[in-house]
Amino acid sequence: MNPSKRILIVEDEKAILEVYRDILSPKSSSSTLKSSRGSTAPAAQKNDDQFELTLVPTGEEAIEAVKKSLAENKPFALGFFDVLLGTGIDGIETVKRIHGLDPEMYAVLVTAYQDRNVDSIRTLFGTEFQDRWDYLNKPFSEGEILQKARNMVSMWNIRQRDMEHRVVLDELKSKLVASEKSLTIAAVARSIGHEFGNILLQIMGRADLSREGTPETMKAGLETILLATEHASKVLERFKNLAKPTESHKLHKMDIAKPIDEVLLLVDHELKRRNIVTVVNIEGLPKINGNHNTLVQVFMNLIINSMHAIKENGKLEITGKLSGENVEITVRDTGPGVPEENYEKIFESFFTTKGDSGTGLGLSICKEIIEITHSGRISVSNHPEGGAMFRILIPQEE
């Protein structure tokens, strides 16, 4: 959105409307105008501020002007509202209704103390609107009006730019997270390809042996083939779940061992290929309130990172226990460990020790899933006997 200098003026006295016009959208002439209530205000000399003004005498017309501006995607940055309008709703009620239509719009209430005092206005508006309104006492000066307009229009534009930047950053983050997930899926897909090759070899071998064997050997061969096809079906189903977009982060009562078992099934071939021994002790843990798909993503990241750290001929340990009111899962590998100065950095977005082959997003995503989605904690340290040790704490289900 381009910077806005649009201002709405709500004032029932024509003379004061003209004063606003001379101050905020000035001409070369200079004069002094007097209102019917006795207040005076000097008109402006020519200056560099040229605001785009909409001037209306009633609150009802102000509301219609705001509706029109929003429909045209040309919102007002600021409004000056006389508190005591001649007919219809007063300035305070007008501001409250406009805030319901456009909560981003700033407001300046122009008041004489006999209209409403500032404390009563603050009470009426409440706390949610407190950073977007100000007041100005009558009679006002050119400098006061001009300063309010400059400051509040600038603040509105800064807020709009900030919101636009946040939207862009959120979109980029979503794309990067999707890219990171795609890389994980590609790595798992390669492993699954090998796994299916082994399963097919088992099926073909058993089928060939069973063709000319005894009924007993044929039965044993068919059982082996059945087990192999069931295993293939499970691997394929888990892979489909991994590749499926996560539509919701809704939590439900679950066993934390299930996403860990699912990941181990998916990477089983790669662990065997690298000759990495896996020790798992996660049975009998209390249930947690968790999201299965996002926890699969967490443990997939941690286990793949451990495999990369070990490279080959090592050990991966996954243990669980009850720690106070939390379920604690520890993932430990026998790789080189993590330098102590990187304990905090390792969870930052785009920090990577893998060079061009890493995105630096995997562990930052893990941290967000554990700490924001699951109200837990994740940390890293080095085991006394060597290797990195990731510790996850998630509150047990109440």
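Read-outs throughout are calculated quantities, based only on the coordinates presented, and are distinct from any laboratory measurement. Just so it is clear, the structure is predicted and the values come from calculations on it, not from any experiment. Cβ coordinates were reconstructed from backbone atoms using ideal geometry, including for glycine residues, and neighbour counts include every protein chain displayed.
Could you pull out the pairs from K287/K367; K96/K148; K96/K250; K5/K67; K5/K68 whose alpha carbons sit more than 24 Å apart here?
K96/K250
Quick one: plug the Kirkwood hydrodynamic radius of the range 260-307 (C-alpha pairs) into Stokes-Einstein at 4 °C, 1.567 mPa s, and report D in µm²/s. The Stokes-Einstein estimate is 109 µm²/s.
When ranked by the protection proxy of mean other Cβ atoms within 10 Å per residue, highest first, what sequence do the peptides 262-272, 160-170, 298-308, 380-390 form?
In decreasing order of mean packing, 262-272, 160-170, 298-308, 380-390 become 298-308, 262-272, 380-390, 160-170.
Assuming R0 = 45 Å, what is the FRET efficiency of D162 and K287, from their Cβ-Cβ distance, to the nearest 0.05? Don't jump to the answer; show the numbers that get you there.
Numbers: r = 41 Å, r/R0 = 0.91.
Plugging the Cβ-Cβ distance into 1/(1 + (r/R0)^6) gives 0.65.
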